[in-house]
1. With a 10 Å Cβ neighbour count serving as the proxy for reagent exposure, in which order, fewest first, do 185, 242 appear?
2. Suppose each label sits 7 Å from its Cα in the direction of the beta carbon; what would the residue 128-residue 224 distance come out to in nanometres?
3. Suppose each label sits 7 Å from its Cα in the direction of the beta carbon; what would the residue 236-residue 155 distance come out to in nanometres?
4. Give the distance, in whole Å, between the Cα centre of region 213-242 and the Cα centre of region 139-183.
5. All other residues with a Cβ under 12 Å from the Cβ of residue 188 taken together, and with Lys, Arg as +1 and Asp, Glu as -1, what is their net charge?
6. For region 150-242, which chymotrypsin sites (Phe, Trp or Tyr not before Pro) are in a loop by DSSP, counting at most 15 other Cβ atoms within 10 Å?
7. Residues with beta-carbon under 15 Å from that of residue 225, excluding residue 225: net charge, scoring Lys, Arg +1 and Asp, Glu -1?
8. Treat the count of other C-beta atoms within 10 Å as a stand-in for reagent exposure and order 96, 84, 184, 234 from fewest to most.
Amino acid sequence: MSERPFFVFPKWSDWLTKVFVVSTLIIPIYLVILIAYGCSARTLNVNYAPRQPVPFSHALHAGKLGINCEYCHTDVARAAYAALPPTQTCLNCHSLIASKSRELQAVRNSYGTGKKSLAGMSIPWIKVDDLPDYVYFNHEAHINAGISCLVCHGKVNEMTRVYQAKPFNMAWCLNCHRNPAPFLRPRNQVTNLNWTGKNKVKLANDLGLTVQMLPHNLGKYLMKRYHIPSVKQLTDCETCHR
Ligand code: HEC
Ligand code: HEC
Ligand code: HEC
Ligand code: HEC
Ligand code: HEC
């Protein structure tokens with residue numbers, strides 16, 4: 001006598017099993033991706049390049065014309081915030097150069113020689129690089145430690161429109177905070193985005209040393225010379241979250 005099962009699933013229920021198997025595979029993968037993106041929303045911002053009110057080109061001004069970053073971002077080595085230049089800085093040249101250009105309309109509006117209703121208002125530049133408010137960042141500390149704009153902003157001197165070059169997430173910051181030595185260079189070269197340090201005579205000169213005095217390990221030497229804090233301190237949560 002053959003035993004009859006208590007209940008037999010009908011044939012059509014087979015697809016249910018398939019759906020179940022497929023979802024147990026896919027849902028966790030989906031969740032992992034969702035969480036990874038959610039926790040590092042910033043990573044999505046790499047290459048973010050908003051259209052600005054004036055088509056200002058760094059490739060022209062900082063690259064071809066060779067204007068130093070600090071001519072416009074005056075506070076970068078003195079304050080937490082790098083600051084954008086006031087309209088007056090543009091007028092230092094553009095009261096004479098290309099003074100009638102259509103591309104400079106927003107500059108003239110701000111300066112008071114364009115639309116009267118906008119006179120005296122700053123040019124509404126759109127922020128490109130933006131950390132969440134719960135993260136503390138400080139330009140001065142990094143510039144004085146000999147870290148170039150290049151490391152964090154890429155080749156700005158070749159950008160016709162600025163874009164966010166790096167992900168600015170926690171892992172990216174920590175990657176350097178765990179071992180900053182390889183990223184350091186002479187302080188007076190941080191705004192020189194074409195610096196290589198290969199020319200020994202120039203390197204010695206930048207450091208105020210003779211070629212004979214040059215250290216074998218520049219990174220290690222600069223860690224001491226610029227009094228870089230310990231890795232323990234640099235990776236402490238309180239350094240960036242206060
Ligand atoms: C002639 C003035 C001028 C010079 C020189 C200049 N900048 Fe700028 N910079 C600006 C202006 C204006 C903006 C805002 C408009 C824009 O984003 O293009 C800006 C924006 C930026 C931003 C994006 C800021 C944000 O919103 O996150 C970075 C990064 C930057 N500059 C880096 C540099 C670096 C590095 C150099 C030197 C290689 C440099 N700049 C030289 C005027 C200048
Ligand atoms: C040190 C001088 C200098 C400063 C400061 C300067 N520029 Fe210029 N800018 C120039 C020169 C030179 C040109 C090239 C003009 C040309 O090609 O006829 C130029 C070109 C431009 C152009 C293109 C104009 C066109 O019609 O082709 C724009 C837009 C511009 N600058 C915006 C700005 C803004 C905005 C600022 C301030 C943040 C600024 N510039 C500061 C020298 C300067
Ligand atoms: C260690 C990385 C790092 C270095 C080095 C660095 N920056 Fe920044 N920069 C940032 C970050 C991160 C932000 C966004 C800050 C925020 O949103 O609070 C930023 C923002 C800016 C801004 C927008 C205004 C502001 O302060 O938020 C400008 C302009 C700027 N940087 C210019 C420069 C220039 C010029 C240099 C070199 C002299 C430089 N930066 C070096 C990481 C760096
Ligand atoms: C390329 C290396 C490098 C990168 C990238 C970098 N840092 Fe730093 N950071 C340093 C060094 C070196 C110091 C130590 C500076 C000093 O105090 O001499 C430092 C110091 C700091 C400090 C302490 C400043 C103070 O006032 O004492 C903060 C906050 C900080 N970094 C935040 C950040 C954040 C947030 C990021 C990512 C957006 C970041 N850093 C990316 C190298 C780096
Ligand atoms: C060098 C600077 C730095 C240090 C040190 C640091 N963080 Fe962060 N942290 C960041 C930045 C930058 C973000 C923003 C990430 C983003 O926007 O994707 C962040 C984001 C976070 C977040 C939000 C969730 C996330 O992953 O985006 C938490 C939670 C956090 N940090 C906890 C910590 C803890 C705990 C420590 C100490 C073990 C620490 N952080 C040390 C820079 C730092």
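1. Exposure proxy ranking, most exposed first: 242, 185.
2. 3.8
3. That separation, rounded to one decimal, is 3.9 nm.
4. 15
5. Taking every other residue near residue 188 into account, the sum is +1.
6. Passing sites in region 150-242 are 226.
7. On the way: positive: 185, 187, 220, 224; negative: 206.
Result for the local shell: +3.
8. So the ranking, lowest neighbour count to highest, is 96, 84, 234, 184.
Every number in this text was worked out from the coordinates using simple rules, so none of it is lab data. Note that the coordinates shown come from a computational prediction; the quantities given were computed from them, not determined experimentally. We place every Cβ from the backbone using ideal geometry, glycine too, and count neighbours over all the protein chains shown.
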